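Have a look at the structure below, then the notes.
Throughout, read-outs are computed from the coordinates displayed, never taken from laboratory work. Since the structure is predicted, the reported quantities are computational estimates derived from the model, not experimental observations. FYI the Cβ positions are ideal-geometry reconstructions off the backbone, even for glycines, and counts take in every protein chain you see.
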Amino acid sequence: MTQTSPLRDPEDETRRPVSPTGGRTGMRLIVPLQGVVQGRGGLILGSLIPCALFYFLQFYLKRHRSPPPPASPSSSNLPELARTSSRSNLTSRGSMGQARVSSRASSIAKPNDSPYYIGLDRASEDAYDELENPNGVIQLGLSENRLSLDLIEQWLSRNLNGSILGGGGGGFEYEWNRDAMAGFMSQIMGRAVSLNPSQLVLTSGATPAIEILCFCLAADPGHAFLIPTPYYPGFDRDVRWRTGVELIPVHCRSSDNFTLSITALDQAYNQVRKRGQKVRGLLLSNPSNPVGSILTRETLYNLLDFARDKNIHIISDEIFAGSIYGSEEFVSMAEILDSEDVDRNRVHIVYGLSKDLSLPGFRVGAIYSWNEHVLTASKQLTRFCSISAPTQRLLIPMLSDTRFTQEYIETNRKRIQSMYDLFVAGLEQLGIKCVKSSGGLYCWADMRELIRPYNEKGELDLWDKLLNIAKINVTPGSACHCIEPGWFRCCFTTLSKKDIPLVIERIRKVVETCNLPLKMPTSGGFQS
Amino acid sequence: MAIEIEQPRVGLSKIAVSKTHGEDSPYFAGWKAYDENPYDEFRNPSGVIQMGLAENQVSFDILEEYLEQHAEEASWGKKASGFRENALFQDYHGLQSFRKAMASFMEQIREGRAKFNPDRVVLTAGATAANELLTFILADPGDALLVPTPYYPGFDRDLRWRTGVNIVPIHCDSSNNFQVTPQALEAAYKNAESLNIKVRGVLITNPSNPLGATIHRSTLEQILDFVTIKNIHLVSDEIYSGSVFSPTEFTSVAEILESRSYKDCERVHIVYSLSKDLGLPGFRVGTIYSYNDRVVTTARRMSSFTLISSQTQQLLGSMLSDEKFTGNYITKNRERLRNRYEKMVGGLRNAGVECLEGNAGLFCWVNLSPLLENQTRESELAVWEAILHRVKLNISPGSSCHCSEPGWFRVCFANMSEKTLEVALKRIQSFMEERKITSG
């Protein structure tokens with residue numbers, strides 16, 4: 001269950017174009033072992049193989065030696081953790097030996113080496129503040145929406161009354177009122193959608209919702225989900241950590257504006273099957289993260305056909321459904337399924353209030369499914385991740401106030417639109433174009449001309465410069481498994497309008513230090 | 001692809017269709033009967049009284065009063081940014097102030113006999129999640145945890161369902177009041193070995209559910225010695241620690257570690273929650289307190305799947321930091337639970353029914369073996385059904401707690417009003433009198 005480092009992905013040999021300055025060929029010898037260490041087999045094989053070779057050699061040389069014990073995953077091959085400055089009362093270590101942790105835990109405990117997490121940490125440690133810390137890091141790497149919290153604050157101050165304890169401490173076994181959430185989600189997804197509360201399962205955030213679906217749909221060994229790239233870095237953790245499910249990237253490219261092609265899906269599916277693995281489903285984000293595009297009605301139909309043809313599931317993560325702007329209409333899977341007489345047992349929607357309502361701290365998520373078995377199992381599984389009672393009591397009246405929610409949704413969209421316009425225009429002044437997106441809290445910026453060499457290393461060098469010199473945290477495309485180097489996700493909804501010129505200025509400084517005039521490779525120059 | 005066409009049904013994992021969640025056991029069947037015909041003093045006086053739910057409603061009014069008087073701190077205070085910061089806060093470390101409050105509350109419950117470092121507190125949405133998380137961290141699929149019987153029926157689901165880890169029982173019986181013995185520990189360990197299963201730890205509940213009794217200090221020392229020798233972990237679920245009737249009768253494993261200068265403490269992890277002691281199960285507040293840095297780091301990250309609402313942390317943080325209030329609450333809660341317990345035991349004795357001597361928790365461990373036709377699980381279930389359908393009381397049969405001796409039942413007394421408890425006791429008295437008459 002290792003979190004795949006963006007620096008190494010030997011599974012996909014065609015992933016990176018060969019850069020003019022080389023850098024990849026030198027790695028080829030190491031790749032087979034790395035593949036073992038980073039990919040399947042994990043730590044056990046990664047330590048067993050070199051150990052086994054070593055011991056085999058020793059044994060050969062000293063024939064009377066007894067065979068060594070097999071290297072256990074708890075041996076010192078595991079990387080040492082940076083110790084927390086422990087104010088605990090530990091004095092001495094036991095002499096009887098250290099109780100081990102599971103293999104699952106060992107990999108999770110490793111320090112985070114993805115730029116996605118490193119950047120988030122840096123930005124929070126040295127957070128920009130106009131007055132207190134004007135040279136701090138400006139956070140553009142966290143897709144949070146701070147534009148419309150005032151509306152919620154106002155509603156709360158007008159309506160908050162009554163004891164937060166309401167009718168008691170409330171057991172989680174109780175049937176909570178799902179009508180409010182179903183109603184709100186229907187509003188978000190468009191008037192054509194009317195969600196049935198009994199098909200809704202409430203969870204403490206979208207993160208456990210996704211994990212629960214993975215447990216229900218594909219938690220037997222060797223199972224995989226196809227996922228279009230680039231994708232939200234958190235999926236690597238949410239989908240893979242504890243379930244054992246694998247994510248198989250289906251690459252999308254700038255030449256098609258990063259749209260998903262059924263041909264590519266088909267190819268990926270067949271490749272996986274050839275390896276003897278089962279594909280259990282397709283994981284989509286719509287609106288997509290990090291690109292911000294909306295799937296067209298036609299694409300949704302095609303995806304349903306594909307899923308039916310292969311007899312697999314579709315998980316549609318629609319957490320940004322309310323954060324759309326521009327002229328394109330958002331179509332939820334729910335809308336398609338409502339109208340079509342299709343096999344509904346294979347489609348499951350994930351939603352949450354973290355993005356559209358800016359309430360990530362309150363942990364409110366949901367699974368919407370048409371599959372009875374999935375609903376039953378999911379409901380049981382929410383004992384591990386239920387929504388806190390006072391939070392439900394707080395939000396149910398607010399979500400039920402449809403006049404407020406309608407106003408909120410409209411105003412919020414307008415504000416996101418105007419920030420998007422300003423921010424994208426600012427980047428354009430620097431010669432940085434963005435994919436035309438219609439949803440989400442971020443833009444997908446093309447900085448391919450600014451990286452040297454034209455590969456992942458070049459991209460990470462630029463990311464590093466942006467973080468440490470410009471003091472801007474953005475998410476590099478490699479952290480999102482993008483197959484083309486040079487793309488960056490920039491979240492702009494944590495900013496206020498007056499911050500934008502400052503951000504653009506800081507980026508300008510770094511842009512000016514990049515050697516520009518080398519011609520950017522055209523799509524024909526990519527390998528594969 | 002041909003295979004897929006033959007199966008038009010789209011596949012689901014074993015987890016989705018397995019029965020490991022135990023939905024078929026009497027534990028849940030009793031629930032159903034109650035749901036269909038719930039007792040209400042006025043509207044349904046002959047309905048089923050729920051005595052199978054270990055919830056604490058005896059001290060709720062104390063909490064309510066406090067929160068009403070301190071509504072401002074409980075919400076986001078006067079600070080304009082209070083709400084905004086709180087709504088955006090999703091750091092898996094949790095609010096520092098809340099962690100401190102939990103650590104100090106846990107210390108108060110133990111009357112300062114053990115100290116808790118807020119940096120070792122990992123927050124989870126309930127103890128259910130905490131136990132599952134620890135199981136994921138300490139054991140691989142196919143491995144086992146040793147758990148003394150009888151145990152909380154929910155463990156079958158919480159420890160095994162998604163983790164793929166097994167529970168191997170440590171058998172305890174009435175000959176010594178169901179206390180764990182070194183022999184029983186060793187037997188369980190050997191049992192696992194014979195099945196080729198790797199044991200990764202021992203999980204105890206102290207005070208015990210369903211026994212309603214604290215574990216003796218000497219027994220705790222023995223268990224700690226055992227896990228040390230076997231080089232495995234110890235998880236101590238102390239969720240009822242605040243519900244011990246007399247605080248001096250409870251020894252936390254933390255105190256034992258303190259007395260041993262924390263030697264070799266990295267194998268010990270404590271689970272706690274506010275669901276029982278504060279009667280707030282719906283709030284979903286649980287914690288893992290681990291003396292092992294790696295476990296703390298891993299558990300923190302894994303808690304992403306089960307974070308406590310920042311609003312709830314804010315709401316309870318100031319209340320739990322108010323030591324005068326919490327001290328008073330803990331004392332009153334203990335008193336009220338003791339009174340309930342004594343009422344229960346007294347009423348049962350009048351009916352000729354004996355219980356295990358308890359000193360904690362929200363339930364009694366009741367001996368109904370004289371009612372059994374044969375000393376078998378089937379006879380026990382027959383009695384359970386009779387009590388459910390004729391006496392209209394939902395109590396939990398020992399077999400659902402994996403008790404090796406038939407005839408024991410867990411009966412809860414804190415999830416109802418005193419009046420309802422009286423009604424229940426009267427029903428038991430009538431039932432027992434009837435049986436005396438009919439059996440001659």
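Hey, which of these cross-link pairs are over 25 Å Cα-Cα: A:433/A:497; B:32/B:332; A:379/B:419; A:110/A:509? Distance filter (> 25 Å) returns B:32/B:332; A:379/B:419; A:110/A:509. In plain terms, the residue of B:304, B:290, B:259 with the fewest other Cβ atoms within 10 Å comes first and the most crowded comes last, giving B:259, B:304, B:290. Restricting to lysines 8 or more places apart or on different chains, can you count the pairs in the range B:78-325 with Cα atoms under 29 Å from each other? Here the count comes out as 19.
The calculated FRET efficiency for residue B:32 paired with residue A:372, based on their beta-carbon distance and R0 = 25 Å, is about 0.85. Within the range A:176-401, antiparallel bridges make up roughly 30 percent of the DSSP beta bridges whose residues both belong there.
Taking 7 Å steps out from each Cα toward its Cβ at residue B:183 and residue A:156 produces label points 6.0 nm apart. Given R0 = 56 Å, the distance between the Cβ atoms of residue A:267 and residue B:190 translates into a calculated FRET efficiency of 0.55.
Only bridges whose two residues both fall in the range B:207-337 count here: according to DSSP, what percent of them are antiparallel, nearest 5? Before the final figure, lay out each step's value.
On the way: 5 of 9 bridges.
In the range B:207-337, approximately 55 percent of DSSP beta bridges are antiparallel ones.
Placing unit charges on each Cβ (+1 for Lys and Arg, -1 for Asp and Glu) gives chain B a dipole about its Cα centre, and among B:430, B:382, B:105 the Cα reaching farthest toward its positive end belongs to B:105.
What length, rounded to one decimal in nm, is gained on full extension from residue B:349 through to residue B:390, with 0.36 nm per residue of separation minus their alpha-carbon distance? Could you put the intermediate results ahead of the total?
Details: separation 41, 0.36 × 41 = 14.76 nm, distance 2.05 nm.
Extending this stretch completely gives an extra 12.7 nm.
Full extension from residue B:332 to residue B:93: what is 0.36 nm times the residue separation minus their Cα-Cα distance, to one decimal in nm?
Numbers: separation 239, 0.36 × 239 = 86.04 nm, distance 3.18 nm.
Fully extending the segment from residue B:332 to residue B:93 adds 82.9 nm.
Tell me the relative contact order for chain B as a rounded percent, counting alpha carbon contacts under 8 Å between residues six or more apart.
24
The packing ranking of peptides B:271-284, A:410-423, B:116-129, highest mean first, is B:271-284, B:116-129, A:410-423, where packing means the average number of other beta carbon atoms within 10 angstrom of each residue. What's the FRET efficiency of residue A:329 with residue B:246 using the Cβ-Cβ distance as r and R₀ = 45 Å, to the nearest 0.05? Taking R0 as 45 Å, the efficiency between residue A:329 and residue B:246 is 0.10. Considering only DSSP beta bridges where both residues belong to the range B:78-325, give the percentage that are antiparallel (nearest 5). For the range B:78-325, the DSSP antiparallel bridge percentage is about 35.
A simple rule links phi to the HN-Hα coupling: the Karplus curve 6.51 cos²θ - 1.76 cosθ + 1.60 with θ = phi - 60°, which for the range B:166-173 gives 9, 10, 10, x, 9, 6, 10, 9 Hz, with x for Gly and Pro. Between the amide H of residue B:234 and those of B:202, B:268, B:269, distances stay under 5 Å, these residues lying 5 or more places away or on another chain, with hydrogens modeled in the peptide plane.
Subtracting the Cα-Cα distance from 0.36 nm times the residue separation, let me have the gained length for residue A:407 to residue A:113 in nm, one decimal.
Details: separation 294, 0.36 × 294 = 105.84 nm, distance 4.17 nm.
Contour length minus the Cα-Cα distance gives 101.7 nm.
Here the range B:78-325 is treated as a sphere whose radius is the Kirkwood value from Cα pairs; by Stokes-Einstein at 20 °C and 1.002 mPa s it diffuses with a coefficient of 117 µm²/s. Backbone amide hydrogens, once placed in the peptide plane, bring residue A:282 within less than 5 Å of A:226, A:313, A:314, A:315, excluding anything fewer than 5 places away on its chain.
Close amide H partners of residue A:472, meaning residues 5 or more places away or on another chain with modelled amide H under 5 Å apart, are A:138, A:467.
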